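Below you'll find the structure, written out as structure tokens, and then a few comments.
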Amino acid sequence: MRRILVAIDGSKHSFRVIEYCGKQFSGMSDLSLTLFHVLPNLPTRFWDDGHILTKKEKEARQRVVNKWMENQKLATEPMLRDAMEGLTRAGIPQEQIETKTIPHSTNEVTSILEEARDGGYLTLVLGRYGLSWIDEHVLGSTTGKIIHRGAGLAICVVE
């Protein structure tokens, strides 16, 4: 089974990735394609504010954080549904497509690379943002960082 990880974020660049995957991989019966999305990092208002919390305060904060995470997952459902519909319209059967969202860990790049390596994917497909030269070389980009740190992975970058 050919396992492909497709990193998407809901941008127009992500939907170019979906179009590419639909054209490139439709008709392949030995394909398993995973649409992968890293949820946003926890906002600073939920971070530890420096004092020791009581058990009750910890539980209350955890409930708020869990609710926030659940809302983030719900907000990504339309994006994942649209991506799946794009792939099925292109001819990839729905049973060959799965979706996966994970909470932001140390950073988005690490999250994507860990999933690609730990999940045993043959190929990682992602889009490239249209950053200016200066932004890309001074600030870096997620795609650029993945390429630099993705040794051992087949990485397909869709313009």
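No value in this document is a laboratory result; all are computed from the given coordinates. Note that this is a predicted model, so its numbers are computed, not measured. Neighbour counts are summed over all protein chains in view; Cβ atoms, including those assigned to glycine, are modelled from backbone coordinates with ideal geometry.
Structure summary
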quantity	calculated
Dipole magnitude (debye, nearest 20) for region 2-158, charges at Cβ of Lys, Arg, Asp, Glu	140
Helix-only [θ]222 nm of the chain, DSSP H runs n ≥ 4, -39500 (n - 2.57) each, per residue, nearest 500	-14500 deg cm²/dmol
Farthest positive-ward along the chain dipole, Cα basis, beta-carbon charges - from SER141, LEU87, VAL109	VAL109
Which of THR54, CYS156, HIS13, positive extreme of dipole for the chain (C-beta unit charges)	THR54
Efficiency of FRET between ILE52 and ILE102 - r from beta-carbon atoms, R0 35 angstrom, step 0.05	0.75
Proxy reagent accessibility, fewest Cβ within 10 Å first, across LEU74, LEU42, LEU80, LEU35	LEU74, LEU42, LEU80, LEU35
Mean separation of Cα contacts under 8 Å (6+ apart) over length of the chain, as relative contact order %	36
Label-point separation in nm, THR110 to MET28, each point 7 Å along Cα→Cβ	3.0
Which labelled figure in (1) -0.51, -0.94, -1.10; (2) -0.62, -1.07, -1.23; (3) -0.50, -1.04, -1.24 is log10 I(q)/I(0) by the Debye sum over Cα atoms at q = 0.11, 0.16, 0.18 Å⁻¹, once derived from the coordinates	(1)
Around GLU85: net Lys/Arg minus Asp/Glu count, Cβ-Cβ under 13 Å	-1
Under-19-angstrom lysine pairs by C-alpha in the chain, whenever the two are 8 or more apart or on separate chains	6
Around GLU19: net Lys/Arg minus Asp/Glu count, Cβ-Cβ under 11 Å	+4
Proximal charge balance of LEU35 [Cβ under 13 Å; K/R count +1, D/E count -1]	-3
